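To start, the structure under review is shown below, and the notes come after it.
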Amino acid sequence: MRLDAGRAVPLHTLNALPDEVFRVPTVSLLLFVLASAPANTAPADPKAAITAVLDDWHQAAAAADEARYFGHFTDDAVYLGTDATERWTRDEFRAWAKPYFSKGEAWNFKATSRHIFFSKDGAVAWFDEALDTPNLGPSRGSGVLVKDAGTWKIAQYNLSIPIPNDVLPEVKRRIERHLVRSQKPPKSTTGRPPAKVPAPQTPPIKEWAPAQAN
């Protein structure tokens with residue numbers, strides 16, 4: 001005797017049974033095995049998650065997708081550009097960049113290398129990356145990401161242009177000259193040019209004459 005689908009089936013009659021009789025327990029057994037197998041709880045590679053966020057962020061700029069690009073920032077994110085005056089909050093940066101996105105011509109940065117690190121609790125990540133850019137040349141980006149409701153968000157990004165040491169003295173001189181030229185002369189407190197200081201009065205010189213003899 002053999003139990004088949006809950007029924008006792010004589011062994012000599014098995015060959016005469018239709019295929020459906022055997023198919024039901026086979027499917028049931030497969031479902032049982034799948035249900036009892038342990039779930040794959042291994043976490044995804046956190047570096048791969050950071051890489052995916054940063055790559056998509058750069059691709060969003062290249063595609064001039066404003067919502068997608070700024071959606072990768074935290075609400076209090078800070079963006080540091082290459083100019084000393086370029087320290088923007090997320091909203092300030094978005095206002096500055098909006099004309100570029102509106103024209104469909106943002107920027108196209110591609111990371112050629114990247115180093116990623118994590119805090120001990122895995123909630124904060126920081127990185128640095130080498131960039132290939134058509135307008136700035138070889139550049140560097142670095143920043144911080146934090147987990148926001150399970151999603152990695154950019155909290156800070158710092159864009160810079162590495163300067164070779166051999167040309168640094170000349171670059172330094174040019175920056176200093178630029179800063180001197182950009183400085184405005186101080187304004188007078190009265191709004192009028194200062195009055196001329198009168199020249200000191202020189203006492204008249206008496207002509208010398210020889211004394212007359214008596």
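The values are calculated or read from the model by the stated rules, or taken from the named source; none is laboratory data. Since we're looking at a predicted model, the values are computed, not measured. Note that each Cβ is placed from the backbone with ideal geometry, even for glycine, and that neighbours are counted across all protein chains shown.
Quick look at the values:
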item	result
Top-ranked residue of the stretch 85-115 - restricted to ones that are in contact (Cβ under 8 Å) with a residue 12 or more places away in the chain and β-branched (Val, Ile, Thr), ranked as farthest from Gly137 (Cα to Cα)	Thr89
Strands (runs of 3 or more DSSP E) completely within the stretch 34-149 that count 3 or more residues being closer than 30 Å to Leu179 by Cα and within 16 Å of the chain's Cα centre (by Cα)	73-80, 87-89, 124-133, 137-148
Given (1) in contact with a Leu (Cβ under 8 Å, 6 or more places away or on another chain); (2) among the acidic types (Asp, Glu); (3) surrounded by fewer than 11 Cβ atoms within 10 Å (Cβ to Cβ), number of the condition Glu129 does not satisfy	(3)
The stretch 58-84 residues that are within 24 Å of Ile163 (Cβ to Cβ) and not assigned by TED's automatic domain parsing to the domain that holds Pro134, paired with ones that are among the aliphatic types (A, V, I, L, M) and part of a helix (DSSP H, G or I) (beta carbon under 9 Å, 6 or more apart)	none
Test result for Ala64, aliphatic (A, V, I, L, M) and at positive phi	yes
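Residues checked against (1) hydrophobic (A, V, I, L, M, F, W, C); (2) modelled with pLDDT under 50; (3) in the same structural domain as Ala111 (by TED's automatic domain parsing):
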site: Ala155; (1), (2), (3): yes, no, yes
site: Arg174; (1), (2), (3): no, no, no
site: Leu179; (1), (2), (3): yes, no, no
site: Ser182; (1), (2), (3): no, no, no
site: Pro185; (1), (2), (3): no, no, no
site: Ala195; (1), (2), (3): yes, yes, no
site: Pro198; (1), (2), (3): no, yes, no
site: Thr202; (1), (2), (3): no, yes, no
site: Lys206; (1), (2), (3): no, yes, no
